[in-house]
Amino acid sequence: MSETTSTNEENKLLLNGRRAIPPNYSNDEENEVPEMEAFGLIPRGFNPRDYLRVVDIYMFKEPQEINKQEHHTDKYYNPKLIVRRGQAFQIQIDFNRPYQPQSDKFWLEFLMGRYPQQNKGTYIPIPVGGALKPGQWGAKVIHRENNSIRLSIMSSATCIIGKFRLYVAVLTPYGILRTRRNSATDTYILFNPWCQLDAVYLDDEKEREEYVLNDVGVVFHGNVEDVKSRSWSYGQFEENVLDACLFLMDKAELELSGRGNPIKICRVASAMINSRDDDGVIVGSWNNSYDYGVAPSAWTGSVDILLEYYSSKQPVRYGQCWVFAGVFNTFLRCLGIPARLITNYSSAHDNNANLRMDFFLDDEGKVDTRLTKDSVWNYHCWNEAWMTRPDLPVGFGGWQVVDGTPQETSDGMYRCGPASVQAIKHGHVCFQFDAPFVYAEVNSDIFYTRMEKNGTQVVENIDTARIGQLIVTKEVGGDGMMDITEEYKFREGSDEERLALETAVMYGVKKQSIQDTTYQPQTDVDMDFQAQKAVLGNDFKVTITFRNKSRNSYTATTYFSGNIVFYTGVPKSEFKKHSFSAKLEPSSSSSFDVVIKSSEYMRDLLEQASFHFFVTARINETGKILAVQKAVMLEIPTLRIKTKGELVAGKETSVIVEFTNPLKQTLENVTLRLEGPGMLRTIKKQFGRIPMNSTLTWEVKFTPMRAGLRKLIASLNSDALRHVYGELNVQIQKP
């Protein structure tokens, strides 16, 4: 008795007078399906065995069999059938006797969740009939032999995606006989970029291979002047990753009936990838202390993160933008939505979305950190997902920006997108979701404003070109960089660019006009700043160059400030202050060097080895101020990876990772990670310390299972040195 009471109470709580059935948002839960569904009283002599009975169902679910081959799902390490929607697949049913179409009536049933309903797409009865219609549910017999039939089943091109349970139902005069619950016949249905009727259809085969089937990618980081890259293992086909991705949607409580819509899935996932407000996958941390977790720079791919979240149900520590984007990319590709990882260099994190980054200067021309709230990220990573946008006017489908990094709230949660790239380019920021925020990330201007004693603001300098000056992604079919800046914005200074800006302002992007502030730039003197290639642990020099284009002599009081910054542009500490007076002769250039010693920066260095230099100069004769800022990245040493012996599928071989400590100090708490998607699950090893100038060697034995071109990716992490990577392409031969 006690059991029934508790269930009734549970139902009462869930129903609360508003719904006929409880919410249905778990793909994992199931309902009881009766094996015999009687139409009324069953006569005494009735024996179900007298009727057509299913003996066995064969799903053709092996990687080399027809279904997984034709549906491009043969790479998933998953024993169950995985197909893509809107495309036919085959199954074979063995009966207890030959099937007679005239007298025997049977149908298939696909069910999802605990409360399957036909009008919600979670209960799908499929009668066996004649011709299949493209993109609509249907089944037809394509082969009959003895007691077996082979069926071709077409799924709807808009059906919900996830894991369905399959039953075969046979009609008898007294009731419906169903097959027993058998998890071996469970079928995953995914998005289908190969199907023209699917919302995620992509028409280029090379692009589909890259954006859906490639399980390794490249993350571009560093800064505009010094683009760096590293590999990231997406691992969307690895064991349990598909289930982990479906669990994410359950955790986000996305109604099962909404899971056929890529727009909904992207929006929900962009909130679920970060742990803010919903205990999502990754905890963000930008403060350089990573207690009780893994430093963001140590991860080599998404699989460890997703599987840890799936098993512990707790947010995984820690991530920064490229980690959020890497995991989001895995999620999208795993479900069949074409996706790519984007890097925007000099990305504006504009706190009030007014297309204006304010850097306040004090009387002497130095940056006032108290007043300056906006920050320019050296780079910021987000994702693009490919889909149609039936909710927007024609022309705004295609690539959509989605961002899982928690920056600002959108409709009350930390999420961003999907925002149409096309709409951002043309300034149509009125179209959902979050287009004004992304528009500001790539289009803001930097204002250097001096606060006078009486409180008036004087704009000393405006930099219109720095923000979003380079937007890139990995090229299709290679590891190189593809510049996609033109997809986000028209050329700086072109008529189209002005028009796009006016459109954005018309649709409510706040843009203060320059007329509101007094601004008379110094035009006859230019100041530029160059840094020598800087290697971690070494001294380097920077050069400040003035060009006096006038016929007057000037003197410039120059302030030089070197800061160690997070890659988000937020300063941690000022490690170098230097001021000097520069004499500027008429119609000539003059250069001044400043030496940066390693002893000045090594103690406070942060993991991305990133500096930010501010130079401001006041022309004493005119009172005008020149300002320039630049990010400089140090060259970080890399890991060397090599293989020993021949590389043949199914045969043990070994890989060697080497690292030489280049610093003038011992490295403490060293951790190495190594993974090879589709070849080697992540292996971690702790090393206590590496003395200066000494070399660490680590040998790992493994057995690659599949032939083909693969990649080994390694990372090293320690207290004093992070962001150390190495990679190696390896060709595994057939045995």
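Structure notes:
- Residues in the chain average 43 Å² of solvent-accessible surface per residue, probe 1.4 Å, ligands and nucleic acids excluded.
- Scaled against the 2.2 N^0.38 Å expected of a compact globular protein of N residues, the Cα radius of gyration of the range 640-732 reads 1.14.
- Taking the square roots of five times each eigenvalue of the Cα gyration tensor of the range 525-633, the equivalent ellipsoid has semi-axes of 28, 13, 11 Å, listed largest first.
- Estimated inter-spin distance, Q686 and Q136, nm [label 7 Å along Cα→Cβ]: 6.3 nm
- Protection proxy ranking, peptides 109-119, 267-277, average beta carbon neighbours within 10 Å, highest first: 267-277, 109-119
- What the Cα atoms of the range 198-313 give is an Rg and a Dmax of 16.1, 47 Å.
- Relative to the longest principal axis of the Cα atoms of the chain, the long axis of helix 262-272 lies at roughly 60 degrees.
- Accessible surface of the range 525-633, 1.4 Å probe: 46 percent of it comes from carbon and sulfur atoms.
- Count, lysine Cα pairs under 16 Å in the range 640-732, 8 or more residues apart or across chains: 8
- A simple packing score, the average count of other Cβ atoms within 10 Å per residue, orders the peptides 494-502, 69-77 as 69-77, 494-502, with the highest score first.
- Gyration tensor analysis over the Cα atoms of the range 115-232 returns equivalent ellipsoid semi-axes of 42, 17, 14 Å (largest first, whole Å).
- Here Rg/Rh (Cα atoms, Kirkwood Rh) was computed from the coordinates, and among (1) 1.05; (2) 1.08; (3) 1.01 the match is (1).
- With 0.36 nm allotted per residue and the present C-alpha distance subtracted, the D50-K313 stretch has 89.8 nm of extension available.
- Gain on full stretching of the segment that runs from E225 to S148 - 0.36 nm per residue minus C-alpha separation: 21.1 nm
- Per-selection Rg to Rh, the range 287-399 - Cα, Kirkwood hydrodynamic radius: 1.08
- Relative to one another, the C-alpha centroids of the range 419-446 and the range 547-601 are positioned 35 Å apart.
- If you bin all the Cα-Cα distances of the range 437-517 at 10 Å, starting from zero, the percentages per bin are 15, 39, 28, 14, 4, 1.
- Rg/Rh, computed from the Cα trace of the range 36-190 with Rh as the Kirkwood radius, has the value 0.97.
- Peptides 690-696, 624-630, 52-58 ranked from most to least packed by the mean count of surrounding Cβ atoms within 10 Å: 624-630, 52-58, 690-696.
- Taken over the range 88-145, the alpha-carbon convex hull comes to 123 cubic angstrom per residue.
- Carbon plus sulfur fraction of accessible area for the range 640-732, probe 1.4 Å, in percent: 48 percent
- Within the accessible area of the range 215-507 (1.4 Å probe), percent carbon and sulfur: 48 percent
The values are calculated or read from the model by the stated rules, or taken from the named source; none is laboratory data. What you are looking at is a predicted structure, and each value in this text was computed from that prediction instead of being measured. Reconstructed Cβ throughout: ideal geometry from the backbone, glycine too, with neighbour counts over all protein chains shown. Heavy atoms of the whole protein, side chains included, go into the accessibility calculation; ligands, DNA and RNA do not. Shrake-Rupley method; radii C 1.70, N 1.55, O 1.52, S 1.80 Å.
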